[in-house]
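Here's the structure we're looking at; comments come further down.
The values are calculated or read from the model by the stated rules, or taken from the named source; none is laboratory data. This one's a predicted model, so the numbers in the text were calculated from it and none came from an experiment. Counting neighbours? That spans all protein chains shown, and the Cβs are built from the backbone with ideal geometry, glycine included. For accessibility, only protein heavy atoms count, side chains too; no ligands or nucleic acids. Shrake-Rupley method; radii C 1.70, N 1.55, O 1.52, S 1.80 Å.
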Amino acid sequence: MTGPPVNLVPSQYRNVSVADVPVALDEKSLRAHLLGRPVYRRTRYLVARRGEASAVVEVSKESDVPLFSPVVAMSVLAGPDETAFVDAPEADTAVPTQLARVATQQAPGTRCVIVRGRYGHVSFILDPVPIRIGVVEVVPPWPPKLADQLSRVLELAEDLPPVELVPHLVDLNALAATRPAEHYLFPCRAGQPGTAEPARVAAEVSYLDEIPERAPWTLVGCARSKSIHDWFYGDDVPVVDMCPRRLAGTGSGPVITKCCLLEDRVSQAQIREGLRLALTAGRPADPVPR
């Protein structure tokens, strides 16, 4: 018999009811108490509480048509010895990634974490195993733009399973230092910490977007930067390759990065689609929001 999948999250918090019960939280006692009792037609899960202890029960009803219908079957998904009840007023309990973050931060190692979050809504996550997705990006700018965009999408993604982003940030200054030079040409000044210390390297620094007078520099850039350099200066130049796609390599697990050869802006729709593709590659099981 197959048990519930990992990352089980109700599809809507309205599928979850919370009730104090006058019986012990074992399956036999809960079955005797619940069978035949009417519950709201949207209820699929019941957080049964007795004192400070909680259990999560899945119920089946006689019908979903009337406003209330009697329970005809039930099973305990998590008993009180494997359940924690957490108050997290800033968490949106409709978002699986937020539920998983609360679970791992406030009740690590607990099989089922019930969260009372924003607006007082209650939901839970059973067997939280956030899907780890690497994000390869060069910095500056700060904050890393792609990682920040991914985080903002996940903060509202009710229809995606729990995700843990794992940033792999490559500092351009450290990358430049792998090829020592007296003069570096960076793609642009944007995102640098300031003009007084623009690139934090012990060398002269220029910026390609300012089209400076040609000098014996080393270009820290990608294929697009090299093309722009060729356009304006028409000669060869030593290059430190900063392309995130190359830096991402072929490590294990799904990775999201971006490439300057995509000349259009990176939209939120593209970010979400990238997440979906990465989740297809990295899903440990079939996380079921239901």
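Every test in (1) among the hydroxyl-bearing types (Ser, Thr, Tyr); (2) open to solvent by less than 10 Å² (accessible area, probe 1.4 Å); (3) within 25 Å of the chain's Cα centre (by Cα) is passed by Ser54 save one, and that test is (3). Residues in the range 164-186 that are open to solvent by 20 Å² or more (accessible area, probe 1.4 Å), over 27 Å from Pro254 (Cα atoms) and among the hydrophobic types (A, V, I, L, M, F, W, C): Ala177, Ala181. Filter the range 57-66 for residues that are outside any strand (DSSP E or B) and either open to solvent by less than 80 Å² (accessible area, probe 1.4 Å) or in contact with a strand residue (DSSP E or B) (Cβ under 7 Å, 6 or more places away or on another chain) (or both) and give the result. Matches in the range 57-66: Glu62, Ser63, Pro66.
For the range 47-86, enumerate the residues that are in contact with a helix residue (DSSP H, G or I) (Cβ under 7 Å, 6 or more places away or on another chain) and free of Cβ contacts under 8 Å to residues at least 40 places away in the same chain.
Start the filter on the range 47-86 by keeping residues that are in contact with a helix residue (DSSP H, G or I) (Cβ under 7 Å, 6 or more places away or on another chain), which leaves 48, 53-55, 57, 59, 71, 74, 76, 86.
If the condition is that a residue be in contact with a helix residue (DSSP H, G or I) (Cβ under 7 Å, 6 or more places away or on another chain) and free of Cβ contacts under 8 Å to residues at least 40 places away in the same chain, then Ala48, Ala53, Ala55, Val57, Val59, Val71, Val86 are the ones that fit.
Yes or no, residue by residue, for (1) closer than 23 Å to Tyr119 by Cα; (2) at pLDDT 95 or above:
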site: Val6; (1), (2): no, no
site: Gly36; (1), (2): no, yes
site: Val47; (1), (2): yes, yes
site: Val59; (1), (2): no, yes
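Check the range 13-20 and report whether any residue there is open to solvent by 40 Å² or more (accessible area, probe 1.4 Å) and modelled with pLDDT of 95 or more. Quick ask: steps written out before the conclusion?
Of the range 13-20, the ones open to solvent by 40 Å² or more (accessible area, probe 1.4 Å) are 13-14, 18, 20.
Going one step further and asking which of them are modelled with pLDDT of 95 or more, we end up with 18, 20.
Within the range 13-20, one or more residues are open to solvent by 40 Å² or more (accessible area, probe 1.4 Å) and modelled with pLDDT of 95 or more.
Could you run through the range 231-257 and say how many residues are open to solvent by 40 Å² or more (accessible area, probe 1.4 Å), outside any loop (DSSP other than H, G, I, E, B) and at pLDDT 90 or above? Matching residues across the range 231-257 total 6.
Checked against the criterion of being assigned to a strand (DSSP E or B) and either at negative phi or modelled with pLDDT of 90 or more (or both), the range 258-281 contains not a single residue that satisfies it.
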